[in-house]
1. Given the conditions (1) crowded, with 17+ Cβ neighbours inside 10 Å; (2) over 19 Å from the mean Cα position of the chain (by Cα), and given that residue 216 satisfies all but one, which numbered condition is not satisfied?
2. Determine whether residue 84 is modelled with pLDDT of 90 or more, within 25 Å of residue 16 (Cβ to Cβ) and not in a helix (DSSP H, G or I).
3. Taking residue 172 as the residue in question, decide whether it is in contact (Cβ under 8 Å) with a residue 12 or more places away in the chain and assigned to a loop (DSSP other than H, G, I, E, B).
4. Any idea how many residues of segment 250-271 are buried (at least 17 other Cβ atoms within 10 Å of the Cβ) and without any contact (Cβ under 8 Å) to a residue 24 or more places away in the chain?
5. Is segment 134-141 home to any residue that is surrounded by 21 or more Cβ atoms within 10 Å (Cβ to Cβ) and touching a residue at least 60 places away in the same chain (Cβ under 8 Å)?
6. In segment 180-200, how many residues are touching a helix residue (DSSP H, G or I) at 6+ places or on another chain (Cβ under 8 Å) and within 18 Å of residue 74 (Cα to Cα)?
7. Just one of 62, 77 is touching a helix residue (DSSP H, G or I) at 6+ places or on another chain (Cβ under 8 Å) and farther than 18 Å from residue 19 by Cα; which is it?
8. Assess whether residue 40 counts as being at pLDDT 95 or above and surrounded by fewer than 23 Cβ atoms within 10 Å (Cβ to Cβ).
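The values are calculated or read from the model by the stated rules, or taken from the named source; none is laboratory data. Because the structure is predicted, anything quoted here is derived from the model rather than measured. Heads up, the Cβs are rebuilt from the backbone with ideal geometry, glycines too, and the neighbour counts pull from every protein chain shown.
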C-alpha cells in the first residue's frame, strides 16, 4: 500500500473513532432523532443533484437505508443520549462483525469457520461481562444503554448483508448508494422526530442551535459519511480486502483514546475486562487463519450444504 493511501486509511479510522465523541457532543442540547435527521439530510443534499442514482431496486435501497443508517444510528444516538460512554460505544459497535457472520450463515448460506465461532463466543462473554458490570461506580452503564448499543451494531450487520446482496445482484458505486440511500433515514428520522419530539421541540432546538451542534452535524455528514465511506471504498477498490479491513480495528482504539482525552471518560474494572475480551475476539476473527493455517479450512458450519 502506498504511503499516501496508508495516510488516507489512518485518517479515515481516526475520523470514525472520534465520530463517537462528536455524536456525544452534538447531542448536548439537541434531540437525538433531530440530530440524526440533520446528519443524513446533509448527506443527501445537495449531493443528490450531482450523484447519479444507483441501479438498485427501491426495495433494496430502502432495506439498506433503514438498517445501516436509520436503525443503527437511531439506536446508537439513543444509547449515547442516555449515558453510554462514547469510547465504549466505539467498541460495542464492532460487534457488527460477529452478527454479520451469523446473518451471512443464516440468510446467505455462507460458511462459518472454527475461528469465527471462537470469536463469537468470546465476544458474547465480553458483552455479558459488560452487562453485569453494574454497580455504584460513576462509570456504570445501564442495561438499556448497553442493549441499545448492541442492537445498533446488529442493524449495522443487517445493512452489511443488504449491501452484499446489492453489490452481488445490482453493482453500484458506493458513493451513489450512500447518497441516495440517505433519503430513507432522512425521511424516517424526520417522521420519528416529529412524532416523539414534537414540532415545538424541533423548532426550539433549531432556533437555539449551538456551534457545537453545527460542528457535529458537519463532521458526521461530511467527514464521517462522505469522506469516510468514500475514501474507504477507494481503498477497497485499489487493494485486497485483507489489506484494508484489518485497519478498522483501530476505530475503537481511537474511539476509546479520544473519549478519554476529550471527554475524560474512564472504564471501570469490569468494563475494561469486557472490552479487552471483545477486542481479542475481533483480533481472532480477523487474523487467526494467518497464524494457524489449519483454521483456513476448518469449517464448523457449512450452510450451503443441502440437508
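1. Evaluating residue 216 over (1) crowded, with 17+ Cβ neighbours inside 10 Å; (2) over 19 Å from the mean Cα position of the chain (by Cα) leaves (2) as the failure.
2. Yes: the conditions hold for residue 84.
3. yes
4. So the count comes out to 0.
5. yes
6. So the count comes out to 14.
7. Within the list 62, 77, the selection yields 62.
8. Answer is no for this residue.
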